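The values are calculated or read from the model by the stated rules, or taken from the named source; none is laboratory data. Note that the structure is predicted; figures quoted are calculated from it, not measured. Because the Cβ atoms are built from the backbone with ideal geometry, glycine has one as well, and the counts that use them run over all protein chains shown.
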Amino acid sequence: MPHSRKANSTGRCQTERGTSLDSTTQNAPAGNLGAASLRVVVLVLLITTAATYEAFSLSALSEVEVWSNLRTGIWMLQNHAVPHSGLFSQYPDLPWRAHSWGFDVLLAAAYKLMGLRALPVSLMAVKVALALTFFLLARGSRQHFWIPVLLAALAQYAIPGLQLQPATCSILLYAVELALLFHARRTGNTRPLLWLPLLFAIWANLDIGFISGLLALALLLVVAAVERVCRRYKVVGFAGQARAIPLGMLAAVTAVSLFATLLTPYTYDVYGIALRSFGRSALLVYLPELGAVGFRRPQDYALLLLTMTAFFSLGRRHSWDLFQFALMIVSAILSFSAQHNSWLVAVASVAVIAYGLPIERTLQEGVGLWKVDNLVTAGLVLLVLLVAIFSRIPSSRDALLIKVGRTLPVRACDYIRDNHLSGPLFNAYEWGSFLTWYLPGYAVAIDARNDLYGDEITLRYFKLTHAEIPLSGDVSFVYARTILLQRNAPMAVALSRTPRFKAVYSDDLATVLVPQD
């Protein structure tokens, strides 16, 4: 009997222990499933929020510069060539290179498939790609989730005016480049760097922002050379902060990447275009967006916070990593001195902060669940985007043009076309790019292509519109047969009060005047 009681007691204990283990085993997946569901929901919101907002606001249709990209892309598809002179303008003999020709062609191809709907849909795709790219760049390891989510959200907010422009391609590709460079620094694995020449070959055909990518690669090459000297002479601090990358291999990758940027229809001319885009201080009075960050918007302070956090991360780690310091300093100088470069320090800050996150290995039993999470997230993202596109973006061209007409002179252009008013045009600067697309038969006086007009023509235009020079001081105005300006613009008001010009059309947005010979 005692043996039997003891055996029963032992069996009961084993049974209870087994039950307890089974209960733990059963509860663990339930907890993992709940956490996984929360991650999926948060990630879907992170990826789709900006894109869904675009489906409601249709801000891509109000963007002033994208229209010249669309018009240029259509011209290239029709002529199977790239432009070399000032198309669509009153200066057709001036040299001009469409440095973003790849972006223009892709946009025009999307337009051929979807019509005007292509603009907001393309911007939605860009915003999804940006959110996902920032999240992946911010993720130091598979286990980190909430910090990358916060960084990705802050980085998107800190870059103002994310619109359908070639520069968005630079943001995406710069993030990819930094991910490859930081991975090589962290692990010592140089194989991913072999993708850089291909990346630069694509980048150089989409936007001149590839110059920033080459600068980052050159910084790494210089730092690698300095660190090699420090290791040789056993300089404490600057050596051993990251895995050594073979200097010869890095130099070869840099040289091949530099050559890859010449694989464009314009070869070395792309560097001339890039250099001409700097040093436009004379235009700052009239185009403040070319100037430094003014800290008048919440986004400016978000960018500053992101930058300060990156520097704090370096200080907290007592880092002597020359590459990260050089990257942050150069990026901060370029970004805060020119608003259109603000994305540089945003991307660099995310990469630096993510580099400081501790490395954690994913548990083997969570791998299968993580793969399911990815599939569910991708499916939900696709579902949300499709619902947003088909429920909020009209398929009718007329309906979309009504939306365009709220900020751009659609009705005034219709009047000019329907009444066969003579060209060329003298137009508002902000509308020039739109006019190249919507009134292709009329040569514009100016548009957003500053690399075409240069400082001299652009300054002369703004001095004329600000009454700083006489009307005879600008040939584009002297020979204009139709004048299209904002209704409340001082120049439009002044011209309509003189007998030399007659206002033949006016609405709540624009005024059309013709000279009285």
When every residue in the stretch 192-209 that is touching a Cys at 6+ places or on another chain (Cβ under 9 Å) and in a helix (DSSP H, G or I) is compared, the one surrounded by the fewest Cβ atoms within 10 Å (Cβ to Cβ) is Ile202
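Residue-by-condition table, conditions (1) in a helix (DSSP H, G or I); (2) over 20 Å from Ala98 (Cα atoms); (3) touching a Leu at 6+ places or on another chain (Cβ under 6 Å):
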{"site": "Val149", "(1), (2), (3)": "yes, yes, yes"}
{"site": "Ala155", "(1), (2), (3)": "yes, yes, no"}
{"site": "Ala167", "(1), (2), (3)": "yes, no, no"}
{"site": "Ala175", "(1), (2), (3)": "yes, yes, yes"}
Filter the stretch 74-107 for residues that are in a loop (DSSP other than H, G, I, E, B) and of a type in the set (D, E, K, R); the one that is nearest to Ala204 (Cα to Cα) is Arg97
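Results for (1) more than 16 Å from Ala348 (Cα to Cα); (2) modelled with pLDDT of 90 or more; (3) touching a strand residue (DSSP E or B) at 6+ places or on another chain (Cβ under 7 Å), shown as yes or no for each residue.
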position	(1), (2), (3)
Val128	yes, yes, no
His144	yes, no, no
Leu178	no, yes, no
Phe182	no, yes, no
Phe200	yes, yes, no
Asn205	yes, yes, no
Leu220	no, yes, no
Val226	yes, no, no
Considering the stretch 57-88, residues that are surrounded by fewer than 19 Cβ atoms within 10 Å (Cβ to Cβ) and in contact with a strand residue (DSSP E or B) (Cβ under 7 Å, 6 or more places away or on another chain), and then whichever is nearest to Pro409 (Cα to Cα), we arrive at Ser85
Only one of Val270, Val256, Val285, Val293 is touching a Pro at 6+ places or on another chain (Cβ under 6 Å) and either of a type outside the set (D, E, K, R) or at pLDDT 90 or above (or both), namely Val256
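Quickly run through the stretch 373-412 and pick out the residues that are under 19 Å from Thr436 (Cβ atoms) and without any contact (Cβ under 8 Å) to a residue 40 or more places away in the chain. First the steps, then the outcome.
Step one: list which residues in the stretch 373-412 are under 19 Å from Thr436 (Cβ atoms), which gives 397, 400-401, 404-405, 407-412.
Selection gives Val410 alone.
I need the strands (runs of 3 or more DSSP E) fully contained in the stretch 420-517, keeping only those with at least 3 residues that are surrounded by fewer than 18 Cβ atoms within 10 Å (Cβ to Cβ) and in contact with a strand residue (DSSP E or B) (Cβ under 9 Å, 6 or more places away or on another chain).
Values: elements: 425-427, 482-486, 501-506, 510-515.
Correct list: 501-506.
Taking the condition at positive phi and either of a type in the set (S, T, N, Q) or over 32 Å from the mean Cα position of the chain (by Cα) (or both), does Ala503 pass? Show your work before the answer.
Values: at positive phi: no; either of a type in the set (S, T, N, Q) or over 32 Å from the mean Cα position of the chain (by Cα) (or both): yes.
Against the criterion (at positive phi and either of a type in the set (S, T, N, Q) or over 32 Å from the mean Cα position of the chain (by Cα) (or both)), Ala503 does not qualify.
Can you say whether Gly73 is closer than 13 Å to Pro166 by Cβ, outside the structural domain of Phe434 (by TED's automatic domain parsing) and in contact (Cβ under 8 Å) with a residue 40 or more places away in the chain, as far as the supplied structure shows?
Numbers: closer than 13 Å to Pro166 by Cβ: yes; outside the structural domain of Phe434 (by TED's automatic domain parsing): yes; in contact (Cβ under 8 Å) with a residue 40 or more places away in the chain: no.
In short, no.
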- Got at least one residue in the stretch 338-348 being at pLDDT below 90 and of a type in the set (A, V, I, L, M, F, W, C)? yes
Flagged pairs (Cβ under 9 angstrom, 6 or more apart or on separate chains; first in the stretch 87-113, under 30 Å from Ser396 (Cα atoms); second assigned to a strand (DSSP E or B) and at pLDDT 90 or above) are Phe88/Val444; Ser89/Val444
Worksheet item: Can you spot a residue in the stretch 354-370 that is assigned by TED's automatic domain parsing to the domain that holds Ile159 and at pLDDT 85 or above?
Response: yes
The residue from Val64, Val44 that alone is assigned to a helix (DSSP H, G or I), within 30 Å of Ile393 (Cα to Cα) and either modelled with pLDDT under 95 or not polar (S, T, N, Q) (or both) is Val44
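Take Leu471 and tell me if it is in the same structural domain as Gly441 (by TED's automatic domain parsing), at pLDDT below 90 and under 21 Å from Ala503 (Cβ atoms). First the steps, then the outcome.
Working: in the same structural domain as Gly441 (by TED's automatic domain parsing): yes; at pLDDT below 90: yes; under 21 Å from Ala503 (Cβ atoms): yes.
Yes: the conditions hold for Leu471.
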